[in-house]
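The values are calculated or read from the model by the stated rules, or taken from the named source; none is laboratory data. These numbers were taken from a predicted model, which means no experiment stands behind them. Heads up, the Cβs are rebuilt from the backbone with ideal geometry, glycines too, and the neighbour counts pull from every protein chain shown. Calculation scope for accessible area: heavy atoms of the full protein, side chains included, ligands and nucleic acids excluded. Shrake-Rupley method; radii C 1.70, N 1.55, O 1.52, S 1.80 Å.
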Amino acid sequence: MVRSLLLLCLLWVGLGYNLKLYAQVPPTFTSTPIETGVFGDAYSYPIETDDADDDAIDLLIAGTLPANLTFTDNGDGTALISGTLLQTGSFPITITAQETTGALQSADLVFTITVSKRTLTVTADDASRPYGSANPIFSLSYGGFVNGDNSADLDTPPTASTTASIASDAGTYIITASGGSDNNYDFTYQPGTLTITQAALTATAEDKNRLYGAMNPALTIIYTGFLNGDDASAITPPSISTTAVPGSDAGSYPINLSGGSAINYILNLVNGTLVVGQATLTATADDVLRTYGSPNPVLSISYIGFVNGDDASSLDAAPIASTSATITSDVGTYPITLSGGTDTNYNLIN
């Protein structure tokens, strides 16, 4: 075969023809592979070739494409790899350009498609609760899901936690998201805030009573709403006072609460009442003596129970002493009776 070809060439030269010999050239790739992508993104790589001999070319693929990518040979020396990247990892690919006419030469394009994970932003949602209550169930918000994914599709969903416990003081605490993992997503975390609000605490001035002229009793406060085993030592108590003094008239006087503060409580102050009752005043008609036929002496009254330096002149209306005996009454004993008499501060017993 080779000897026949040489003889034919010599004959052509002997006849005066110019002989030019051309070597067959394999096809070449003129497009640059797209070798990187992110999960969930669209991927498109148009493959283009050139053949100096204008031979027909088939394009063939070897290797495993990422899920959802397809390879299409257009039959004209071009092809397309396209689709949505739905699988992470590295995928070695070989594209072969095979001449189907001419010298049937071929060329390979070897590259790797690397699909990286998509970044998923996980944010701990803000939450609140009152002091002394258990933490609520924390929730997370996501940004970056693709392909209809949600948290239920994650291999290991992240969780949210805080250092605050049921006994933690009112204030703000960080809610931390952590612990997620997935084949298709990387995680970045944004913290949230747990706000522990003050609980309601009612401070009530206890009602008191005393008698006119007595010292005020000890004024006391009762509390409703303490949590976590707290008592009055856990707060700055409100001040308690009344305008009533030992010399104050019988009647009702407010017991006032003011001030007070607490880290963990909002104080609701409820005033009380001091009732100053009437003191007991005993009025006794003094015994007197006279002779028959004489006019009655001035009838006098003795008192037991005055306080605050009071005397009969302090009474709103003093009782009156009287008797049924007259100047003509026979010798004998006659009662001296008391009647009337009133006072704001005394309960008169005649």
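Remarks
- Exactly one residue out of 249, 287 is outside any strand (DSSP E or B), more than 55 Å from the chain's Cα centre (by Cα) and exposed (fewer than 14 other Cβ atoms within 10 Å of the Cβ), and it is 287.
- Residue match in the range 191-199 (condition: open to solvent by less than 60 Å² (accessible area, probe 1.4 Å) and farther than 27 Å from residue 236 by Cα): yes
- One residue stands out among those in the range 69-80 that are within 16 Å of residue 28 (Cβ to Cβ) and not hydroxyl-bearing (Ser, Thr, Tyr): the one that is surrounded by the fewest Cβ atoms within 10 Å (Cβ to Cβ), which is 76.
- Exactly one residue out of 240, 266, 255 is part of a strand (DSSP E or B) and farther than 28 Å from residue 345 by Cβ, and it is 266.
- All positions within the range 271-284 that are open to solvent by 40 Å² or more (accessible area, probe 1.4 Å), under 22 Å from residue 246 (Cα atoms) and in a strand (DSSP E or B): 273, 275, 280, 282
- The range 162-179: number of residues that are under 30 Å from residue 117 (Cα atoms) and open to solvent by 20 Å² or more (accessible area, probe 1.4 Å): 5
- Scanning the range 53-68 for residues that are assigned to a strand (DSSP E or B) and open to solvent by 20 Å² or more (accessible area, probe 1.4 Å) yields 58, 60, 61, 62, 63.
- For the range 252-270, the candidate set comprises residues that are open to solvent by less than 50 Å² (accessible area, probe 1.4 Å) and among the aliphatic types (A, V, I, L, M); within that set, the residue that is farthest from residue 128 (Cα to Cα) is 255.
- Residue 83 meets each of the listed conditions (1) in a strand (DSSP E or B); (2) surrounded by 14 or more Cβ atoms within 10 Å (Cβ to Cβ); (3) at negative phi apart from (3).
- Residue that is most open to solvent (accessible area, probe 1.4 Å) [pool: residues in the range 30-52 that are in a loop (DSSP other than H, G, I, E, B) and of a type in the set (Gly, Ala, Ser)]: 52
- Pair list, Cβ under 9 Å, 6 or more apart: the range 300-317 residue in contact (Cβ under 8 Å) with a residue 24 or more places away in the chain and assigned to a loop (DSSP other than H, G, I, E, B), other residue among the β-branched types (Val, Ile, Thr) and open to solvent by 40 Å² or more (accessible area, probe 1.4 Å): 305/280; 305/282; 305/349; 315/342; 316/342; 316/344
- Checked against the criterion of being modelled with pLDDT of 95 or more and over 30 Å from residue 308 (Cβ atoms), the candidates 245, 146 yield just one match: 146.
- In the range 86-135, counting only strands (runs of 3 or more DSSP E) that sit wholly within it, the ones holding 3 or more residues that are at pLDDT 95 or above, over 46 Å from the mean Cα position of the chain (by Cα) and surrounded by 18 or more Cβ atoms within 10 Å (Cβ to Cβ) span 89-99.
- Search result, residues across the range 318-328 that are touching a Phe, Trp or Tyr at 6+ places or on another chain (Cβ under 8 Å) and part of a loop (DSSP other than H, G, I, E, B): 324, 325
- A Cβ distance below 6 Å, combined with a sequence gap of six or more or placement on separate chains, defines the contacts here; from the range 319-346, residues that are more than 30 Å from residue 247 (Cβ to Cβ) and among the aromatic types (Phe, Trp, Tyr) reach residues that are modelled with pLDDT of 95 or more and surrounded by 14 or more Cβ atoms within 10 Å (Cβ to Cβ) in the pairs 334/323; 334/325.
- Extreme residue, farthest from residue 310 (Cα to Cα), among residues of the range 201-241 that are open to solvent by 70 Å² or more (accessible area, probe 1.4 Å) and acidic (Asp, Glu): 231
- Qualifying residue in the range 38-57 (condition: under 30 Å from residue 181 (Cα atoms), touching a residue at least 40 places away in the same chain (Cβ under 8 Å) and β-branched (Val, Ile, Thr)): yes
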